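The next block holds one structure in the form of structure tokens; read it before the comments.
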Amino acid sequence: MNNNNYSEAIALFEGAETIAVFMHINPDPDCIGSALALASFLRNKGKKAYVFTPDTKTISMIPERVKFLPNVSLLNKCDKRTFDLSVAVDLGETGRIGDLALPLFYKGEKSLVIDHHETYSDFADVTVREEKASSAAQIIYKIMCRYDKNAVDKDIASLLYAGIVTDCGNFTFESTSEETFSIAAELLTYDIDFSDITRRLTKFIDYNVYRLKIRVLNETRFFVDNKLAVIVFRQKDFLDTGTKEKDTDGIINEVQNITSVLLAISISECGTDRFKVSFRSKGGVSARACAEAFGGGGHFNASGCRLSGKFEDVFDSLLAVAKSKLQYV
Ligand SMILES: [Mn+2]
């Protein structure tokens, strides 16, 4: 996919009066920032634009530290149940929209996906996918510029910057490109508080999340000459620290930062015999290949999957695949 289908996306926006924007389950700042920025932009264009969280009713999936972003109040503020256009951002598969939001997504007469993931299964009328883009926000800004740059305002710029700065790891991930920097620089011209956004989203941590973090990191398990690190969040860890599964976001980076670690795995128990697994890798080790071995996917160096079964079995099968990926490193 390339810039050529921006015009198809814009034609969908132009032809719609009511537009619903959807995000992925456990939305990260890129997803939240992208969705809110797009809806705000479309409102500036005179559209009736709405944003839905994955459960379509509450903001319980929105992490606390993200709630300072502008226009968060737009979330789920909609009684309508049919739309001219449904847009999903930062996701490539229907399964990522969530069981509650998916039926609503299909209530859109037309559909559009704006995404940057390398694992996908297209389902919309139009898909704008740029696998090389470091964030969905980066793509959305380019679409806005093509459509009508005058409708971009400071709040939109802040939301997009939030998505960009987090998804490119504060400009350190390999997905960071010249384009990432130049779009970020353009967003600064809107006089956004980029320093505050960056600090809140990449440095700040809630007290309870801090307690969860040190508890889980203290039990990090290492394998393959410390090239492989595994952290585990059990239900008891969440209960004892007053945290939830969404609070695990980013903790895996702490073990990924260990010099010797080439592959980091985070296993979160999200229900009885149900686990959410994240992989982070360095260099030539493919985190995506690990996730794909279990039906998941994502980016080359950052991916995820979901697994069911007894913890010990899940752990063993993850370990076997991880070790095989590190075999020749
Ligand atoms: Mn993203």
Requested in this report: Excluding residues fewer than 8 places away in the same chain, name every one of the lysines whose C-alpha is closer than 17 Å to that of K149.
Outcome: K45, K47
Report task. Find which of S134, N150, V113 sits farthest along the positive direction of the dipole of the stretch 44-175, computed with +1 on the beta-carbon of Lys and Arg, -1 on that of Asp and Glu, about the Cα centre. Result -> N150
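With a 10 Å Cβ neighbour count serving as the proxy for reagent exposure, in which order, fewest first, do K67, K227 appear? Please report the intermediate quantities before stating the final value.
Working: K67 13, K227 19.
In increasing order of surrounding Cβ atoms, one gets K67, K227.
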Report task. With a ≥ b ≥ c taken as the square roots of the eigenvalues of the C-alpha gyration tensor of the stretch 3-202, please select rounded if a/c is under 1.5 and otherwise prolate if a/b is larger than b/c or oblate if it is not? Result -> rounded
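Most exposed first by the Cβ proxy, i.e. fewest other Cβ within 10 Å, how do S175, S266 rank?
Numbers: S175 20, S266 26.
Fewest-to-most Cβ neighbours within 10 Å comes out as S175, S266.
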**Report entry** Residue with peak Gaussian network fluctuation, the chain [Cα springs, cutoff 10 Å], from A151, A11, A291
**Finding:** A11
Report task. Return the lysines within reach of K244: Cα separation strictly under 26 angstrom, same-chain partners fewer than 8 residues apart disregarded; answer none if there are no such residues. Result -> K57, K67, K77, K203, K213, K236, K276, K310
**Report entry** Relative contact order (%) - the stretch 3-202, alpha-carbon pairs under 8 angstrom, separation at least six
**Finding:** 24 percent
Requested in this report: Let me have the 222 nm mean residue ellipticity of the chain computed from DSSP H runs of 4+ only, each contributing -39500 (n - 2.57), with the sum over all residues rounded to the nearest 500.
Outcome: -11000 deg cm²/dmol
Requested in this report: Please name which of I252, F279, L104 has its Cα lying farthest along the dipole of the chain towards the positive end, using unit charges on Cβ (Lys, Arg +1; Asp, Glu -1) and the Cα centre as origin.
Outcome: I252
Report task. Could you check which residue among R200, R96, R81 shows the biggest mean-square fluctuation in a GNM of the chain with a 10 Å Cα cutoff? Result -> R81
Query raised in the report: In 10 Å bins starting at 0, how do the alpha-carbon pair distances of the stretch 207-326 split up by percent?
Result: 15, 50, 32, 4
Requested in this report: Take every DSSP beta bridge whose two residues both sit in the chain, then give the antiparallel share in percent to the nearest 5.
Outcome: 45 percent
Query raised in the report: Picking from A124, M23, I59, whose Cα lies most toward the positive end of the charge dipole for the stretch 8-136 (charges on Cβ: Lys, Arg +1; Asp, Glu -1)?
Result: I59
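Charges at C-beta only: +1 for Lys and Arg, -1 for Asp and Glu. How large is the resulting dipole of the chain about its Cα centre, in Debye rounded to 20? Walk me through the intermediate numbers first.
Details: 40 positive and 45 negative charges, 114 e Å.
Rounded to the nearest 20 debye, it is 540 debye.
No value in this document is a laboratory result; all are computed from the given coordinates. Since the structure is predicted, the reported quantities are computational estimates derived from the model, not experimental observations. Virtual Cβ from ideal backbone geometry, glycine too; neighbours counted across all protein chains shown.
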